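Accompanying notes for the structure given below.
Each reported figure results from applying straightforward, stated rules to the coordinates on display, with no laboratory input. Predicted, not measured: the structure shown is a model, and the values here were computed from it. We place every Cβ from the backbone using ideal geometry, glycine too, and count neighbours over all the protein chains shown.
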Amino acid sequence: MSVPPPVDPPADPSSDPTPAEPASAAPHRAGFVALVGRPNAGKSTLLNQVLGQKLSIVSAKPQTTRNRVVGIYTEPGLQAVLVDTPGIHVAKSRLNKAMVQAAVSSLAEVDAVCWVVDVVPLAAAAQKGQEILGKGEQALVQMIEQADPAFVTVALNKVDLVSKPLLLPIMEAVHALLPQAELVPVSAMKGEGVPRLVELWREQLPEGPPPYPADQVTDAPERFIVAELIREKIFHLTQQEVPYSTAVEIELFDEEERESDRPRVHIMARVVVERDSQKGIIIGKGGAMLKQVGTLARKEIERLLGASVFLELHVAVNPKWTSSGRALREFGYE
Ligand SMILES: Nc1nc2c(ncn2[C@@H]2O[C@H](COP(=O)(O)OP(=O)(O)OP(=O)(O)O)[C@@H](O)[C@H]2O)c(=O)[nH]1
Ligand SMILES: [Mg+2]
């Protein structure tokens, strides 16, 4: 576990500035920034890019993130606590409603909001002469306005996929809807523009000491991230409704040999689906799919834990868990 860093004592305004201290030393700033947006906009990619490490899972499919995931970015003079959230969408199932609820409630708890926008569909709409910001974006802006955060930045994401001139009408449309917000074209994937976003948070976040120790990267328990990494591989490897019917529960997290000369962690996880047919797909022919999920997840879990990992997966059916309050609470979604 991490050890809190020494916190500087508050400056005494009556004392003369010591020559050793640069006169321009800016006050420490810290606060919470919610990353919100439509599904698949690149919120989790952005979180990982700012942190410089994989913390929140990413996939090409929408509705990958289901919980709020906190990533703590610390540099001298700044701690920005980023809150990755599920994509905001018109939710039908109880699971999806819980996801949207997690995102919307995060809006109310933060100092600043970063709206992450995928510019690709907007550029396509602009080229066709259609309305650039559709109902989804407008509803989202209303939610941001209702939450009334002190600052809003807009990360116009995936600029690596769109030619520069197409960004102009998009920026105009966003500016018209959110005139107070700072707009930053970024590529969360490649890192372009991301330092500018961090610079804005540094300017916007309130003065104050860091809420977390400097070496802490998240408040999420390791077992949560482990379960997420397994779920991510299922998102990558399965199609249609299967990833959306899947949850992962850690049943055993045995760290007895973690501190040994050859650090080792034994993990048992249950992959829960809604139907027998989905169970068949996740297991695959002769167990091939489950093996592939396990192999890919294990590599990333080993990197996360800094230990070799013995990962055992099995699959269980919990009919209609996505609409069961009890199951949603058990899996941590409600
Ligand atoms: N080319 C490109 N792709 C990106 C960029 N940012 C994200 N992506 C891709 O967009 C897809 C969605 O990224 P995520 O980070 O999972 O998006 P999200 O907003 O967290 O999605 P949900 O959790 O489903 O709401 C993935 O395939 C990413 O690799 C970018 O800057 N450029
Ligand atoms: Mg996400």
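Look at the alpha carbon pairs under 8 Å that are at least 6 residues apart: their mean separation over the length of the chain gives a relative contact order of 18 percent. Classify segment 44-184 as rounded, prolate or oblate, taking a ≥ b ≥ c as the square roots of the eigenvalues of its Cα gyration tensor: rounded when a/c is under 1.5, otherwise prolate if a/b is larger than b/c and oblate if not. Cα axes put segment 44-184 in the rounded bin.
For segment 29-204, the relative contact order is 24 percent, taking Cα pairs closer than 8 Å that sit 6 or more residues apart in sequence and dividing their mean separation by the residue count.
Under a Cβ-Cβ cut-off of 14 Å, what is the net charge of the residues other than R196 that fall near it, where Lys and Arg count +1 and Asp and Glu count -1?
Once all neighbours under 14 Å are counted, the net charge is -2.
Pairs with C-alpha atoms separated by more than 20 Å, drawn from the list K54/K135; K54/K233; K299/K320, are K54/K135; K299/K320.
For the set K61/K158; K190/K291; K92/K128; K43/K164; K97/K291; K128/K190, the pairs lying more than 24 angstrom apart at their alpha carbons are K190/K291; K92/K128; K97/K291; K128/K190. Rounded to the nearest Hz, the phi-derived 3J(HN,Hα) couplings of segment 192-205 under the Karplus curve 6.51 cos²θ - 1.76 cosθ + 1.60 (θ = phi - 60°) are 4, x, 5, x, 5, 4, 4, 4, 5, 4, 4, 6, 8, 5, where x marks glycine and proline. Here the average projected area of the convex hull drawn through the C-alpha atoms of the chain stands at 20.8 nm². With a sphere of radius 10 Å drawn around the Cβ of L205, what net charge do the other residues whose Cβ falls strictly inside it have (Lys, Arg +1; Asp, Glu -1)? Neighbour charge sum, excluding L205 itself: -1. Relative to the Cα centre, the charge distribution of the chain, modelled as +1 at Lys and Arg Cβ and -1 at Asp and Glu Cβ, gives a dipole magnitude of about 1900 debye.
Using the Cβ of V90 as centre and a radius below 12 Å, the other residues enclosed give a net charge of +4, where K and R count +1 and D and E count -1. Using only alpha carbons, segment 222-330 has a radius of gyration to Kirkwood radius ratio (Rg to Rh) of 0.99. Close amide H partners of G37, meaning residues 5 or more places away or on another chain with modelled amide H under 5 Å apart, are I88, V116. Under the definition of Cα pairs under 8 Å and six or more residues apart, what whole-number percent is the relative contact order of segment 104-199? Relative contact order of segment 104-199: 33 percent. Per-residue ellipticity at 222 nm from helix content only, as computed over the chain with -39500 (n - 2.57) for each DSSP H run of at least four residues, stands at -11000 deg cm²/dmol.
Here is the P(r) of segment 238-285: all C-alpha pair distances, binned every 10 Å from 0, give 24, 35, 22, 17, 2 in whole percents. Using only the C-alpha atoms, the convex hull of segment 62-105 corresponds to 66 Å³ per residue.
A straight line joining the Cα centroids of segment 58-83 and segment 261-334 runs 23 Å.
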